[in-house]
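Engineer: Below you will find the structure I want to go over with you.
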Amino acid sequence: MKKLTPITVLEKIQPLIDNATQLAKQVKTDKYAFRLEDIDPESDFYFACNFPEKDPQAGFLVNRKPFARNTVREAGERLSLEGVTEVLKQWLDILESYNKIVTIYDDPILKSYEKEFIGFIAIDEDDADTAPLDLEKQFYLDDYLTTVAGLLEEKKSTVSEEKAKLLTEAIKECEELQEQLPELTKNQVAVKLARFWAKTRKAGIGFIKDVLTEFKKKGIEAVAKATVEHLPNLIEGISGFLG
């Protein structure tokens, strides 16, 4: 619970965490004053700050991975509160750098698609990085995700093995978003939705058309007058729905 952590720590650290929800997620724990994990499901990067010692001069034991920019090993050290704040900024900067750089391990097509969709649906609201979607929109989105996961599952048997693999990955993204929906902020939903759409789009234009059209049918009518005749109009409606 938060009252196990000194308010001076929360006042310094929580704003940094709130501004980095597209990089890391905060994990509830009674073991640490706070713990963050890389939002990338394939990553084991973390940042964990222990509760302060009884002796204030002892500082805080901070364990993290990666420990620094020039290594991926995990390690710990004792730091003052100012030191904790500084290394947390550095750790978040490392995550951001990983997200920006494109290597042989990345798919530049998927990255491009994700970036394009995020450009349409990222939410420019004061609470977009801290507040969830309202209940009505969660209902719409949950219904939508159930429908399109089933739709894509049916399509898998009609395509090549390579495309079926892409559809399987897209369905997994869809199911993970559905499971985590109540715990995600608005922009975290936007990021995961963009990733799902990107994988669907790479599997085929017909699939992404179906998926976006279904999105409109499940919720857009409630908040926008978008049509499916032209993609820009549809995207405008999607942006309005999430916002």
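The values are calculated or read from the model by the stated rules, or taken from the named source; none is laboratory data. Predicted model only: the values in this text are computed from it and were never measured. Heads up, the Cβs are rebuilt from the backbone with ideal geometry, glycines too, and the neighbour counts pull from every protein chain shown.
Engineer: Using the structure shown, decide if ALA131 is within 30 Å of ASN19 (Cβ to Cβ), surrounded by 16 or more Cβ atoms within 10 Å (Cβ to Cβ) and among the aliphatic types (A, V, I, L, M). Quick ask: steps written out before the conclusion?
Structural biologist: Numbers: within 30 Å of ASN19 (Cβ to Cβ): yes; surrounded by 16 or more Cβ atoms within 10 Å (Cβ to Cβ): no; among the aliphatic types (A, V, I, L, M): yes.
Spelling it out, it is not the case that ALA131 is within 30 Å of ASN19 (Cβ to Cβ), surrounded by 16 or more Cβ atoms within 10 Å (Cβ to Cβ) and among the aliphatic types (A, V, I, L, M).
Engineer: Residues that are crowded, with 19+ Cβ neighbours inside 10 Å and within 25 Å of ASP38 (Cβ to Cβ): does segment 209-218 have at least one? Working first, answer last.
Structural biologist: So in segment 209-218, the residues crowded, with 19+ Cβ neighbours inside 10 Å come out as 211-212, 215-216, 218.
Okay, now just the ones that are also within 25 Å of ASP38 (Cβ to Cβ), so none.
No, segment 209-218 has no match at all.
Engineer: Restricting attention to segment 155-175, which residues are among the acidic types (Asp, Glu) and surrounded by 14 or more Cβ atoms within 10 Å (Cβ to Cβ)? Working first, answer last.
Structural biologist: Residues of segment 155-175 among the acidic types (Asp, Glu): 161-162, 169, 173, 175.
Within segment 155-175, GLU169, GLU173, GLU175 qualify.
Engineer: Something else about it: Which of the residues spanning segment 32-46 are of a type outside the set (D, E, K, R) and in a loop (DSSP other than H, G, I, E, B)? Please lay out each step first, then the result.
Structural biologist: As a first pass, look at segment 32-46 and keep what is of a type outside the set (D, E, K, R): 32-34, 36, 39, 41, 43, 45-46.
Hits for segment 32-46 are TYR32, ALA33, ILE39, PRO41, SER43, PHE45.
Engineer: Tell me which residues, restricted to segment 73-83, are of a type in the set (A, V, I, L, M, F, W, C), free of Cβ contacts under 8 Å to residues at least 40 places away in the same chain and either closer than 20 Å to LEU4 by Cα or not assigned by TED's automatic domain parsing to the domain that holds ALA33 (or both). Show your work before the answer.
Structural biologist: So in segment 73-83, the residues of a type in the set (A, V, I, L, M, F, W, C) come out as 75, 79, 81.
Those left that are additionally free of Cβ contacts under 8 Å to residues at least 40 places away in the same chain: 75, 79.
Listed by number, the list holds a single entry, LEU79.
Engineer: Further question: Please identify the pairs in which a residue from segment 153-173 that is assigned by TED's automatic domain parsing to the domain that holds ASP142 has its Cβ atom under 8 Å from the Cβ atom of a residue that is of a type in the set (A, V, I, L, M, F, W, C) and not in a helix (DSSP H, G or I), counting only partners at least 6 apart or on another chain.
Structural biologist: LEU167/VAL159
Engineer: Which of the residues spanning segment 43-90 are over 18 Å from ILE17 (Cβ atoms) and hydroxyl-bearing (Ser, Thr, Tyr)?
Structural biologist: Within segment 43-90, THR71, SER80 meet the criteria.
Engineer: Any idea how many residues of segment 28-39 are surrounded by 13 or more Cβ atoms within 10 Å (Cβ to Cβ), in contact (Cβ under 8 Å) with a residue 24 or more places away in the chain and over 15 Å from GLN14 (Cβ atoms)?
Structural biologist: Final tally of qualifying residues: 2.
Engineer: Only one of these is hydrophobic (A, V, I, L, M, F, W, C), at pLDDT 85 or above, under 30 Å from SER160 (Cβ atoms) and not assigned by TED's automatic domain parsing to the domain that holds ASN19: ALA190, ALA194. Name it. Working first, answer last.
Structural biologist: Numbers: ALA190 fails: under 30 Å from SER160 (Cβ atoms).
The conditions single out ALA194.
Table: residues versus (1) surrounded by fewer than 12 Cβ atoms within 10 Å (Cβ to Cβ); (2) assigned to a strand (DSSP E or B); (3) touching a residue at least 24 places away in the same chain (Cβ under 8 Å).
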position: ALA48; (1), (2), (3): no, yes, no
position: GLN57; (1), (2), (3): yes, no, no
position: ASN63; (1), (2), (3): no, yes, no
position: THR71; (1), (2), (3): yes, no, no
position: THR85; (1), (2), (3): no, no, yes
position: TRP91; (1), (2), (3): no, no, yes
position: SER97; (1), (2), (3): yes, no, yes
position: ILE104; (1), (2), (3): yes, no, no
position: LYS137; (1), (2), (3): no, no, yes
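Engineer: Another question, then. Yes or no: LYS199 crowded, with 16+ Cβ neighbours inside 10 Å, at pLDDT 90 or above and closer than 25 Å to LYS25 by Cβ?
Structural biologist: Working: crowded, with 16+ Cβ neighbours inside 10 Å: yes; at pLDDT 90 or above: yes; closer than 25 Å to LYS25 by Cβ: yes.
Taking the combined requirement at face value, the residue satisfies it.
Engineer: Sort out which residues of segment 1-15 are surrounded by 15 or more Cβ atoms within 10 Å (Cβ to Cβ) and under 24 Å from the mean Cα position of the chain (by Cα), and write them in order of number.
Structural biologist: LEU10, LYS12, ILE13, GLN14
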